[in-house]
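Derivation of every value follows stated rules applied to the coordinates shown; laboratory data play no part. All values derive from a computational prediction rather than experimental measurement. Heads up, the Cβs are rebuilt from the backbone with ideal geometry, glycines too, and the neighbour counts pull from every protein chain shown.
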Amino acid sequence: MPGQNLLFRGDNIEVLRNHIPPSTVDLCYIDPPFHSRRNYNQIYNNAAGNGRSRARAFSDTWSWDDAAREGYDEILANAGARYHARTIDLIRGLEPVLGRGSLLAYLAAMARRIAAIHHVLKPTGSLFLHCDPVASHYLKLLLDSTFCPRGGDFRNEIVWCYSHGGKSSRWFGRKHDVIFFYSKSAKYQFDPAAVRVAMRSGKESFGGRLETGADGRKYRLVYGTRNARGETRYYKYYLDEGKVAEDWWTDINSIQASSAERRGYPTQKPEALLERIIGACSRPGDTVLDAYCGSGTSMVAAERHQRAWIGIDLAPQSIALVLERMKDTFGPEVLKRITVAGL
């Protein structure tokens, strides 16, 4: 039950529908497959202790098979029960545009899970969905159709920028992910103090004029717009207070090969990324859900900041990795506070 730390091994649609009560989750972050049409392998120490092994972490390949047809038909048959009419209209409308192929199969699978996550969120809850530009425009439509007609709304499209990996000579470097932030209602948790970042004093960093107050504090004096009387507005931004992070994040590095955080999981995200999200949109004691928990970064960040958490993943290697990582990070006592369930 929410309030405990739960780790489920199984299909997240079944867990969300049958094992997490409705309106009990404060914050959900998901880093689902991106429709990359690739298979991803996890690297881990083998049981013999004499080397590293590889195992399939997850598959991000999609086809219009029996499972896709069943998911698509379920959406169209459940107006008002599990899916809002706008979601049904959207999926039905995409079919003649996209055809019954891999992308529609992916979007039908995501529509089912977004609806199930919406169901378990508290009225004050929020969802952060991590993706990349391959299908982000379609996923935003799914999120709009699920959240907005029921009193929720879009809050941010966060662009997380990085520079690792190869470069192409045929297009601009594709070096960012997208994180959509939606709330279930107009009343949701957001703590600006938790997302303040350093304000650099260099000329290129923040604009305006660098000044020093009578108390010795440095601030940026920024010119604003003119009011109806033609008077210019001025804003003071004190360097020692920092500023609320914008919706483009360049200050959090991706996981590098030499990083102490690296656990061999192919799509592992940095702890700082999840700590910013969890700090901004939940409070100590709240319940954080990650329905694609992978390497367990969300769980580590939630545990570190005194949140209860629920993790779900289909791969047994992922469940083992989360437990190993929790033990390594917080000590063996943490395992007593985790209930593991396999479906």
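Using per-residue counts of other Cβ atoms within 10 Å, averaged over each peptide, order 322-328, 5-11, 242-248 from highest down. Before the final figure, lay out the partial values.
Details: 322-328: 18.3, 5-11: 19.9, 242-248: 13.6.
In descending order of packing, they fall as 5-11, 322-328, 242-248.
Subtracting the Cα-Cα distance from 0.36 nm times the residue separation, let me have the gained length for Thr339 to Asn41 in nm, one decimal.
Working: separation 298, 0.36 × 298 = 107.28 nm, distance 2.63 nm.
Going from the current span to full extension adds 104.7 nm.
Once you sort the root eigenvalues of the Cα gyration tensor of the range 246-290 as a ≥ b ≥ c, which label holds: rounded (a/c under 1.5), prolate (a/b larger than b/c) or oblate (the other case)? Intermediate results must be reported in sequence, preceding the final value.
Numbers: a/c = 2.68, a/b = 1.48, b/c = 1.80.
The shape class here is oblate.
Pairs of lysines 8 or more apart, or on different chains, with alpha carbons under 15 Å: count those in the chain, would you?
Going through the chain pair by pair, I get 9.
Students often check this: by mean Cβ neighbours within 10 Å, which of 289-298, 82-91 ranks highest, and how do the rest follow? Working shown, then result.
Numbers: 289-298: 26.8, 82-91: 18.7.
Sorting 289-298, 82-91 by mean packing, highest first, produces 289-298, 82-91.
How far is the Cα center of the range 270-323 from the Cα center of the range 167-198, in Å?
Computed from Cα coordinates, the inter-centre distance equals 17 Å.
Mean separation of Cα pairs under 8 Å and 6+ residues apart, divided by the residue count of the chain: what relative contact order is that in percent? Can you show the working numbers first?
Details: 649 pairs, mean separation 86.2, N = 343.
Relative CO of the chain lands at 25 percent.
What ranking, highest mean first, results for peptides 253-265, 103-115 when packing means the other Cβ atoms within 10 Å averaged over each residue? Display every interim value, and only then the final one.
Numbers: 253-265: 14.3, 103-115: 23.2.
Final packing ranking: 103-115, 253-265.
Looking only at the chain, where both bridge partners belong to it, what percent of the DSSP beta bridges are antiparallel (to the nearest 5)?
About 60 percent, rounded to the nearest 5.
Treat each spin label as a single point 7 Å out from the Cα along the C-beta direction, and report the Asp11 to Ser169 distance in nm.
My value for the distance between the label points is 4.7 nm.
In bins 20 Å wide, starting from 0, what share of all Cα pairs of the chain does each bin hold, as a percent?
Calculated P(r), rounded to whole percents: 27, 55, 17, 1.
How much length would be gained if the chain were fully extended between Ala260 and Asp328, taking 0.36 nm per residue of separation minus their Cα-Cα distance, in nm to one decimal?
Values: separation 68, 0.36 × 68 = 24.48 nm, distance 1.18 nm.
Gain on extension, Ala260 to Asp328, equals 23.3 nm.
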